[in-house]
Amino acid sequence: MNRYLLNSAQGEFLFVLEGEPEAYFAIDKSCSYKIIPHHVKREGNEISFVTSSFMDATLFAELTMEETADGMECKGAIADYGDVSGKADFYDGMTPYEEMMESRKKKTVVAIPKRSEEEIQEKVEELLGKMTLKEKIGQMSQSSGEDVSEIGDKIEGKPMVEQIKEGEVGSIIYIGYSPETIYTYQKYAVENTRLGIPLLVCQDVIHGFQTIFPIPIAQSCSFDPELIRKGASIAAKEASSAGIMCAFAPMLDMVRDSRWGRVCEAPGEDPYLGGQIAEAVVKGYQGDSLSEEETVAACLKHFVGYSACEAGRDYNTTEISDYTLHNMYLPAFRKGIVAHAAMVMSAFTFLNGRPVTANREILYDLLRGHLGFGGVVITDYAAVKEVGVHGCGKDNADVVKQVLDASVDMEMATSYYNYCLEELVKQGLVPETAIDDAVRRILTLKYRLGIMDDPYRYIRPEEAEALIYSEEHLKVSEKMAEESIVLLKNNGVLPLQKGKMAALIGPFADSKDMLGAWQFSNYGEKSVTIKEGMEAEGITFQYEQGCFPEEETEHGFERAYALAMQSDVIILSLGETSGTTGEATSKCNPCIPDVQMRLFEKLKETKKPMVVTLTNGRPLLIEAIDAQADAVVETWFLGAQAGHAIAGVLSGRISPSGKLSMSFPRQAGQIPVYYNHYNTGRPNFGTNDRFTSRFLDETNAPLYAFGYGLTYGKTGVANVRLSKNQITRDEKLSVYVTIENTGSNACTEVVQLYIRKKNSMYVRPVKELKKFERADIPAEGTAAVLFEIGREELSFYTPKGECMAEDGVYELMAGCSSREEDLKETSFIYHQI
Ligand code: NOJ
């Protein structure tokens with residue numbers, strides 16, 4: 001017997017020690033969470049394993065179990081659950097997985113009827129008509145899978161199953177780690193509530209589900225929306241086979257401040273690129289129709305302006321003019337909405353004096369009215385509670401009234417709707433019709449997803465097994481990683497010369513911390529490190545860690561120095577840990593930690609050529625590295641196959657092709673620094689002219705500009721030709737750009753087209769990206785790219801949100817980065833008639 005049940009203060013733990021060991025935590029007999037053991041060791045009658053936290057893969061806990069005559073003696077802890085020491089008894093029942101498989105066997109397969117939108121609406125009305133007010137309100141609540149219900153200071157212990165049974169839960173997050181966990185909750189909801197309405201299972205599927213792709217800021221550097229779409233569709237396939245119906249992505253917050261930790265989740269600083277990515281991710285997740293079982297609903301977030309938090313400090317105050325809101329922060333959301341994203345998440349922050357979550361002007365007038373969003377609006381985590389913390393609302397009921405009035409359909413994590421809405425309706429302070437509208441939208445989504453017909457259609461364990469972390473998925477992740485790498489500097493040391501000995505050094509050289517923030521993969525241990533990648537690539541090298549990412553110890557400095565002295569070239573892998581990127585990881589000085597910089601300085605003393613690879617989630621301040629290293633390779637967090645992609649670039653098998661989607665500041669004091677800034681009335685052109693817009697102690701230019709990135713070719717714009725020099729409202733201008741490569745390596749370039757409009761009614765940025773395309777260019781050859789420009793590309797928004805394109809001369813700039821020196825300029829005239 002290899003099954004043991006432990007009753008601890010936390011709840012019941014079931015350990016299955018046959019084959020690949022499994023562990024489950026059960027709140028009560030009906031619902032349980034799966035825990036994934038790693039590093040399983042068996043010695044005699046002792047078995048030990050490590051578990052990592054769902055929220056932070058770098059947090060571990062260890063458990064040792066020793067077989068005794070009548071069970072197992074457990075000693076240690078399980079990450080996320082704490083101490084589980086005690087005696088476990090033999091168990092001869094089924095595991096939740098086996099129960100799921102058993103009960104699925106008995107189930108008849110339900111064919112999802114293809115319903116028109118009218119038929120769905122009829123079904124929704126029919127169901128709505130049967131629902132009590134309490135049941136309706138329950139649909140508007142999303143539980144975070146915890147055994148508490150929370151309103152204000154009142155946090156009540158209440159098992160999840162009880163909340164479900166009492167009809168207080170319409171949706172759930174953070175249970176998406178195993179299909180059997182989802183299955184047990186779903187079954188419970190269907191079988192133990194009066195109307196049996198299934199739960200909407202949501203999860204943060206941000207850059208992959210089990211097969212992890214590069215972090216979003218890295219992906220955006222590929223300038224390859226089609227590949228990004230493909231990556232999202234793989235994430236959807238994996239997630240939807242394992243029970244998840246809705247992904248809380250894409251994050252569409254435009255970013256200009258690398259102090260903010262969440263830039264790793266963003267599509268960069270450009271609204272056009274952001275829009276292309278928005279469309280790609282929504283299409284990738286949702287496919288052609290939500291009713292297809294391999295798709296999940298996408299949720300655009302965080303509406304709106306979250307990334308404008310002052311000083312890059314997470315959750316901080318935001319100040320955004322209407323002009324900037326419409327032209328900078330909204331375009332990507334527009335694109336996501338046009339692509340039919342099913343959900344939108346409201347931001348934590350406040351705008352125009354009111355928390356966004358309770359802001360009718362932002363959510364109702366702007367999002368639903370102006371942008372035409374008809375789907376489900378959900379709050380961010382506990383954002384209803386935070387309305388009061390912001391300082392708004394007379395009391396809890398008043399907060400709820402405001403949030404509903406803003407047209408928020410679903411509350412995440414707290415229970416304000418459950419506690420207050422019924423009473424507010426009874427008192428006549430809130431119309432029941434507003435609740436009906438919200439529930440209509442939620443039920444419509446549930447019908448569109450098909451779960452009203454088959455609540456278990458997203459749980460397909462056999463399929464999940466076959467496709468999760470499959471070779472095919474890993475290949476796409478690797479391709480995405482290759483395209484996301486940005487070569488920032490290269491004085492010729494790269495690609496590495498064959499036969500030379502490299503010294504691979506640094507805390508990220510053999511690190512599994514390659515996946516980045518916001519991922520919950522069970523396969524983290526399989527991530528390919530740089531060292532593993534270099535071995536597979538056949539690069540000749542020796543390795544020494546040198547130091548840890550953050551710990552102030554120089555334990556390996558001397559060994560690293562000695563190794564470097566015996567080698568021809570140093571590859572130094574520096575960076576920040578994934579735990580210091582993502583939510584709530586703002587940094588005043590986004591730098592490489594001191595100890596790593598000291599290692600860098602030490603190795604510089606060897607005077608050997610040095611390549612620095614960077615593993616990080618945001619543009620870091622790397623002026624010293626740029627000044628002294630021979631090559632700098634930005635590798636972000638590249639996901640499951642990181643090491644192969646990096647080694648491929650180092651060896652020259654792959655010519656780097658990524659371009660920065662976000663400018664790199666020289667110093668924190670320059671932030672925000674971005675390419676699409678305005679001219680100002682006193683522009684500075686790099687001179688010391690006193691009364692111009694500049695710093696006395698630093699240039700205005702970033703260290704590396706948006707759109708910048710080197711290849712192994714030698715490229716430049718040979719020619720820009722226009723089909724005409726004037727167009728009218730309904731005409732298109734064809735722009736033919738010829739890129740030449742005078743180098744001896746073939747490469748792929750991202751050809752970029754920018755416009756500028758002077759003599760306008762409104763000041764426009766000095767440059768705006770309007771088109772881009774990846775082009776393969778042979779060695780000593782050329783490539784031609786055709787762009788079409790028309791009214792849409794010339795349009796912008798007034799502060800009132802009116803879309804307009806002004807008559808007059810437009811400058812057109814084409815090239816392989818946004819830097820002046822990389823662009824060739826021409827112009828044309830646009831007039832309405
Ligand atoms: C808070 C984050 O801001 C949001 O992006 C995420 O989707 C939710 N938590 C749920 O995890």
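The values are calculated or read from the model by the stated rules, or taken from the named source; none is laboratory data. Remember, it's a predicted structure, so these values are computed and weren't measured experimentally. Virtual Cβ from ideal backbone geometry, glycine too; neighbours counted across all protein chains shown. In case anyone asks, the SASA skips ligands and DNA or RNA and just uses the protein heavy atoms, side chains included. Shrake-Rupley method; radii C 1.70, N 1.55, O 1.52, S 1.80 Å.
Model label points for F685 and E156, set 7 angstrom from Cα along the Cα-to-Cβ axis, are 7.1 nm apart. Phi-derived couplings, Karplus 6.51 cos²θ - 1.76 cosθ + 1.60 at θ = phi - 60°, listed residue by residue for the range 789-803: 10, x, 3, 4, 6, 8, 7, 8, 10, 7, x, 8, x, 7, 8 Hz, with x used for Gly and Pro.
Accessible surface computed residue by residue for the chain, with neighbouring protein chains in place and a 1.4 Å probe, gives 38 Å² per residue.
For E550 and E99, what does the FRET efficiency come to when R0 = 35 Å and r is the distance between their Cβ atoms, rounded to the nearest 0.05? The pair E550/E99 has a calculated efficiency of 0.20.
Per-residue extension of 0.36 nm, minus the Cα-Cα distance of S693 and Y323, leaves a gain of 131.1 nm for this segment.
In this structure, the amide hydrogen of E768, modeled 1.01 Å from its nitrogen in the peptide plane, lies closer than 5 angstrom to those of I755, counting only residues at least 5 positions away or on a different chain. Remark on S258: its backbone amide H falls under 5 Å from none of the residues 5 or more positions apart or on other chains, H modelled at 1.01 Å from N.
Which whole number in µm²/s is D for the chain by Stokes-Einstein, with the Kirkwood Rh taken over Cα pairs at 37 °C and 0.692 mPa s? Taking Rh from Cα pairs, D becomes 116 µm²/s.
Return the subset of K604/K659; K230/K283; K230/K479; K158/K394; K237/K475; K136/K446 for which the Cα-Cα distance in this structure is over 18 Å, preserving the input order.
K604/K659; K158/K394
Once the C-beta distance of H831 and E558 is scaled by a Förster radius of 51 Å, the resulting FRET efficiency is 0.10 to the nearest 0.05. Treating each Cα of the range 683-728 as an identical point scatterer and summing with the Debye formula, the log10 of I(q)/I(0) at q = 0.16, 0.17, 0.24, 0.27 Å⁻¹ comes to -0.78, -0.80, -0.88, -1.00.
Secondary-structure-derived ellipticity at 222 nm for the chain, considering helices only, amounts to -7500 deg cm²/dmol, per-run term -39500 (n - 2.57) for DSSP H runs with n ≥ 4.
The residues neighbouring I47, those whose beta-carbon lies less than 9 Å from its own, together hold a net charge of -2 under the Lys/Arg +1, Asp/Glu -1 convention. Between the amide H of S346 and those of F303, I378, T379, D380, distances stay under 5 Å, these residues lying 5 or more places away or on another chain, with hydrogens modeled in the peptide plane. Ignoring ligands, DNA and RNA, what percent of the accessible area of the chain is carbon or sulfur (1.4 Å)? That share works out to 48 percent. Under 22 Å of direct C-alpha separation, and excluding same-chain neighbours fewer than eight residues apart, K800 reaches these lysines: K335, K757, K758.
Does the range 28-180 come out rounded, prolate or oblate by the C-alpha gyration tensor, with a ≥ b ≥ c the root eigenvalues, rounded set by a/c under 1.5 and, if not, prolate when a/b is larger than b/c and oblate if not?
Cα axes put the range 28-180 in the prolate bin.
Packing around the peptides 692-700, 139-147, taken as the average count of other Cβ atoms within 10 Å per residue, puts them in this order, highest first: 139-147, 692-700. Under a model in which nothing but the beta-carbon of Lys, Arg (+1) and Asp, Glu (-1) is charged, the chain shows a dipole of about 2500 debye around its Cα centre.
Using 0.36 nm per residue of separation minus the Cα-Cα distance, give me the extension gain between L722 and E802 in nm, one decimal. Kindly include the intermediate steps, with their values, before the conclusion.
Details: separation 80, 0.36 × 80 = 28.80 nm, distance 2.91 nm.
Full extension from L722 to E802 adds 25.9 nm.
Just check the range 639-738 against the gyration tensor rule for me: Cα atoms, a ≥ b ≥ c as the square roots of the eigenvalues, rounded for a/c under 1.5, and otherwise prolate or oblate depending on whether a/b exceeds b/c. Oblate, since a/c reaches 1.5 and b/c is not below a/b. If the chain linking D730 and E191 were pulled fully straight, counting 0.36 nm for each residue of separation and taking away their Cα-Cα distance, it would gain 188.3 nm. In the range 522-643, the ratio of gyration radius to Kirkwood radius, Rg to Rh, stands at 0.95 when only Cα atoms are counted. A crude spin-label estimate for the pair A584 and V763, with each label 7 Å from Cα along the Cβ direction, gives 3.9 nm. A Förster distance of 22 Å, applied to the separation of the beta-carbon atoms of K87 and E62, puts the FRET efficiency at 0.75. The figure for W518 is an accessible area of roughly 40 square angstrom, using a 1.4 Å probe on the protein chains alone. What is the range 1-104 by shape, rounded, prolate or oblate, if you read a ≥ b ≥ c off the alpha carbon gyration tensor as root eigenvalues and call it rounded for a/c under 1.5, prolate for a/b larger than b/c, and oblate otherwise? Rounded is the answer for the range 1-104, as its axis ratio a/c remains below 1.5. Loop-resident trypsin sites (Lys or Arg not before Pro) (DSSP state other than H, G, I, E or B) in the range 78-120 with no more than 13 further Cβ atoms inside 10 Å of their Cβ: K107, K114. Within the range 583-647, the trypsin sites (Lys or Arg not before Pro) that combine a DSSP coil assignment with at most 10 other C-beta atoms in a 10 angstrom radius are K607.
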